Amino acid sequence: MDISTADLYDERGEELQSVSTQFQNIGGRARFSGPVRTVRCHRDNALLKAILGTPGEGAVLVVDGGGALESALVGDVIAALAVEHGWAGIVVNGVIRDRVAIGGLPIGVKALGSNPAKSTKTGAGEADAIVSFGGVVFRPGAVLWSDEDGILVEH
């Protein structure tokens, strides 16, 4: 990503939505961008793992975990799977685990924080749905930009 989110917002203004949630930069790349894919899941990461095991082609997976802090939705194994399959980043409205290992991977990861507890693996959830959090609506295919200042998404 060559342009900062601040400069991009100055350039495009109201064409973009700015995520109000204060996510932590956890992955090895603070700056990333790409088309949005989504998954909605609550304390269960089997579906998002399956999605990240498919070709990402530079996309960003937006995970709506409902802001749950009780168990991690992404760990080092899942983040490494995303790197292997060409995903640009993962935005988790929830928590991750294996923070240090994820920080060493060449992928953008933003989350609310970390918790070592595992999530369940039943496959519950919904893929490629319209999700919203932080005052923003995430539609599959919209472009997302993320850096140290925050996250912007096309309307």
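Throughout, read-outs are computed from the coordinates displayed, never taken from laboratory work. In this text, all values refer to a predicted model and were calculated from it rather than measured experimentally. Note that we place each Cβ from the backbone using ideal geometry, even for glycine, and neighbour counts take in every protein chain shown.
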Are there any trypsin sites (Lys or Arg not before Pro) in the stretch 90-139 that are in a DSSP loop and have at most 16 other Cβ atoms within 10 Å? List them by number. Lys118, Lys121
For the pair Ala117 and Asp10, what calculated FRET efficiency results from E = 1/(1 + (r/R0)^6), where r is the Cβ-Cβ distance and R0 = 41 Å, to the nearest 0.05? 0.50
Rounded to the nearest 0.05, what FRET efficiency is calculated for Thr54 and Ala101 with R0 set to 25 Å and r the Cβ-Cβ distance? 0.70
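When N counts the residues of the stretch 24-155, how does its alpha-carbon radius of gyration compare numerically with 2.2 N^0.38 Å, as a ratio?
0.90
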Using a Förster distance of 41 Å, how high is the FRET efficiency between Ser20 and Glu84, based on the Cβ-Cβ distance and rounded to 0.05? 0.80
Considering the zone a paramagnetic label at Ala30 would reach in this model (a point 7 Å from Cα along the Cα-to-Cβ line), which residues of the stretch 132-148 have amide N under 16 Å from it? 146-148
Which GluC sites (Glu not before Pro) from the stretch 54-155 combine a DSSP loop assignment with at most 15 other Cβ atoms within 10 Å? Glu57, Glu70, Glu148
Projecting the Cα atoms of Asn93, Ser132, Pro35 onto the charge dipole of the chain, where Lys and Arg contribute +1 and Asp and Glu -1 at Cβ, the residue farthest towards the positive end is Asn93
Once the in-chain neighbours fewer than 8 apart are removed, the aspartates and glutamates whose Cα is under 18 Å from Lys49 read Glu57, Asp64, Asp76, Glu84, Asp98, Glu126, Asp128
